[in-house]
Amino acid sequence: MSSKLAALNHWVSEVSQLTQPDQIHWCDGSIVERDALVELMLERGELLALNPETHPDCYLHRSHPGDVARVEHLTFVCTADQADAGPNNNWMAPDQARASMDGLFTGCMRGRTLYVIPYCMGPIHSPYARCGVEITDSPYVVANMRIMTRMGADALARIEREGRFVRGLHSIGELDPERRFIMHFPEELSILSYGSGYGGNALLGKKCHALRIASWQARNEGWLAEHMLIVGIQNPQGETHYVAAAFPSACGKTNLAMLIPPVTHAGWKVWTIGDDICWLHPGPDGRLWAINPESGFFGVAPGTGRNTNPNALDMLDRDAIFTNVAVTAENGPWWEGKSDETPHKDWQGRDFDPGRGPAAHPNSRFTVSMRQCPSFSAEADNPAGVPISALIFGGRRESLVPLVFEALDWNHGVLVGASMASETTAAATGAVGVVRRDSMAMKPFCGYNFADYFSHWLSFGDRLEHLPKIFHVNWFRKGPDGKFLWPGFGDNLRVLQWILERCAGRAGAVETPIGLLPRREDLDLRGLESLNGSLDALLAIDPAGWRNEWADVGNYLDSFGARVPDALRAEHARVSALVGHVAPA
Ligand code: GTP
Ligand code: SPV
Ligand code: MN
């Protein structure tokens with residue numbers, strides 16, 4: 001098979017000359033193709049079938065133990081001018097990057113099959129959707145891309161019609177961390193990824209295309225590509241409003257996207273549009289409209305349980321791929337927080353021994369179609385997207401940052417997003433639990449200079465007639481006993497409720513030096529009497545702490561030099577003065 005598009009055929013033959021595969025397979029996305037790939041991976045031991053009675057069509061993949069997360073230190077943005085990549089990215093000169101990657105790719109597919117994966121990010125007929133082609137030698141990547149994107153014949157037809165696509169070349173190579181790089185060439189709309197088979201390093205439609213490359217395109221074309229969930233919240237009056245929320249990796253997007261309202265909230269319902277990536281466009285009506293470019297979830301397994309995320313459990317009992325989870329004696333998938341069963345084998349397939357740490361890898365994941373989610377919204381297929389009422393930023397902060405606050409206006413909201421910080425998680429290799437700045441949850445994903453990105457965000461103040469309100473949330477503040485103060489999960493709806501009532505001009509708030517906060521009486525806390533003592537702590541503002549915080553944000557902005565927009569500096573000066581004016585305790 002080949003394509004009607006000469007440029008695509010040419011690229012595939014160029015890559016096959018370089019990589020020397022035994023065969024070339026053009027993916028059509030059919031179920032027959034999927035079944036054949038699964039069969040092949042079962043034979044080779046790359047997939048293990050889980051219990052077909054309790055978990056039909058569910059498979060476990062154990063990745064190389066040294067290849068379990070994104071690798072930020074090996075991820076590069078290769079622009080002609082280093083300043084365009086910015087201090088927020090690792091940079092290499094494009095020629096040098098291409099030459100060293102060519103070296104790695106030479107002959108790397110000998111004895112393997114080269115798969116050509118045409119895919120579409122976004123509803124197939126949406127003007128906001130964008131296409132790409134990933135070439136890979138990993139059937140596991142093909143199987144995951146089939147769930148995560150609209151992959152196959154329809155995407156190829158669109159690519160042939162449009163004549164343009166993002167080019168992603170991927171090989172698992174030797175899975176050697178010394179020979180592993182994820183390179184982006186935004187000026188050419190291309191990606192080269194070598195040496196990892198894991199998630200964001202290998203499923204190139206996801207972080208590489210839909211965030212790093214797309215954020216670059218979005219800046220040039222006047223839209224935004226963001227690390228955000230999209231959720232519809234239906235109130236008892238039957239109205240549904242949509243919000244998008246940016247939290248860093250493993251900080252609660254999937255959970256918020258499919259939460260089940262607390263029992264006190266009869267008549268409320270949450271509709272899931274997306275759990276990780278959101279493309280935002282100014283619509284013809286002057287509002288901001290959102291599509292989810294993905295069609296599946298690559299979600300964090302640990303912590304997903306009946307009490308925390310029942311919708312997720314209900315979509316994970318059939319047709320799902322699990323990566324690096326543990327298994328029970330009955331050969332069901334298991335992870336910490338799932339159930340009180342005892343794991344039998346750990347994520348590396350060894351007999352479980354608590355002395356060796358958790359049974360499931362902390363970054364173990366499930367891949368599942370969004371259509372299996374009980375709260376899936378058909379609006380996820382709407383080519384126009386959904387209109388956004390509020391944007392939410394959030395991080396994992398055990399101290400200082402209150403449960404929720406509202407920005408005074410757009411520029412203040414952009415500063416709140418730019419100054420976000422969060423404790424690092426197992427979603428990337430490296431230390432866990434270290435607070436770092438993670439502007440708009442895009443530190444690992446913005447394909448260009450953050451200073452230019454901040455300018456781009458500010459520009460929407462003029463582009464949009466109806467600006468969404470901007471909020472900041474923190475589910476992770478802890479008390480002196482080291483426990484989370486806020487129950488989180490389903491109860492997060494109470495915060496979304498306040499946010500939407502603020503958007504409707506109905507809920508009260510009090511102005512503080514950091515923004516508008518709810519008072520106790522502004523939140524619907526029915527049924528949460530247990531919270532009594534904690535609420536004051538959850539909403540407390542520590543002026544000295546915030547003086548330090550804003551001073552640190554000032555240093556952070558300095559690190560981007562003269563490209564930082566004046567309006568952001570001015571906003572920073574304004575809020576710094578506000579916390580400065582609060583009398584020290
Ligand atoms: P990525 O897929 O890496 O982008 O992560 P994500 O932002 O989608 O995070 P996810 O919803 O998968 O949650 C990550 C971890 O945080 C899981 O272990 C959850 O159980 C936990 N978590 C999510 N929401 C809450 C919450 O409201 N409170 C607490 N305490 N933990 C939460
Ligand atoms: C994240 O790390 O934010 C993820 C997982 O969603 S990955 O696909 O590996 O990027
Ligand atoms: Mn993510």
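The values are calculated or read from the model by the stated rules, or taken from the named source; none is laboratory data. The structure displayed is predicted, hence computed values, not measured ones. Cβ coordinates were reconstructed from backbone atoms using ideal geometry, including for glycine residues, and neighbour counts include every protein chain displayed.
Numerical summary
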| item | result |
| --- | --- |
| Yes/no for ARG547 being assigned to a helix (DSSP H, G or I) and more than 30 Å from the chain's Cα centre (by Cα) | yes |
| Options THR106, THR75, THR54, THR79: the member that is hydroxyl-bearing (Ser, Thr, Tyr), away from ligand 1 (no atom under 16 Å from the Cβ) and under 30 Å from PHE560 (Cβ atoms) | THR79 |
| Residue in the stretch 531-549 that is free of Cβ contacts under 8 Å to residues at least 12 places away in the same chain and over 21 Å from VAL495 (Cβ atoms) present | yes |
| Where HIS281 falls short, out of the listed (1) within 15 Å of ligand 3 (Cβ to nearest atom); (2) under 21 Å from PRO123 (Cα atoms) | (1) |
| Some residue of the stretch 293-310 being of a type in the set (Lys, Arg), out of contact with any His (no Cβ under 6 Å at 6 or more places or on another chain) and either assigned to a loop (DSSP other than H, G, I, E, B) or within 15 Å of ligand 3 (Cβ to nearest atom) (or both) | yes |
| Selection from the stretch 375-396 of residues that are touching a residue at least 60 places away in the same chain (Cβ under 8 Å), more than 23 Å from LEU464 (Cα to Cα) and surrounded by fewer than 21 Cβ atoms within 10 Å (Cβ to Cβ) | SER375, PHE376, ASP381 |
| Residues (in a strand (DSSP E or B) and within 18 Å of SER377 (Cβ to Cβ)) located in the stretch 276-292 | CYS278, TRP279, LEU280, LEU288, TRP289, ALA290, ILE291 |
| Which listed residue, of ALA441, ALA390, is under 19 Å from the mean Cα position of the chain (by Cα), closer than 30 Å to PRO543 by Cβ and within 16 Å of ligand 2 (Cβ to nearest atom) | ALA441 |
| Test: residue in the stretch 245-255 that is among the β-branched types (Val, Ile, Thr), within 16 Å of ligand 1 (Cβ to nearest atom) and more than 12 Å from the chain's Cα centre (by Cα) | no |
| Tally, over the stretch 427-463, of residues that are crowded, with 18+ Cβ neighbours inside 10 Å and assigned to a loop (DSSP other than H, G, I, E, B) | 11 |
| Listing of strands (runs of 3 or more DSSP E) fully contained in the stretch 35-143 that carry 2 or more residues being of a type in the set (D, E, K, R) | 130-136 |
| From the options ILE213, ILE273, ILE233, residue that is crowded, with 24+ Cβ neighbours inside 10 Å, assigned to a strand (DSSP E or B) and away from ligand 3 (no atom under 12 Å from the Cβ) | ILE273 |
| Test result for LEU500, part of a helix (DSSP H, G or I) and under 30 Å from ARG287 (Cβ atoms) | yes |
| Candidates VAL553, VAL495, filtered to the one that is surrounded by 15 or more Cβ atoms within 10 Å (Cβ to Cβ), touching a Ser or Thr at 6+ places or on another chain (Cβ under 7 Å) and part of a helix (DSSP H, G or I) | VAL553 |
| Residue within the stretch 135-151 that is over 23 Å from SER16 (Cβ atoms), surrounded by fewer than 22 Cβ atoms within 10 Å (Cβ to Cβ), at pLDDT 95 or above and not hydroxyl-bearing (Ser, Thr, Tyr) present | no |
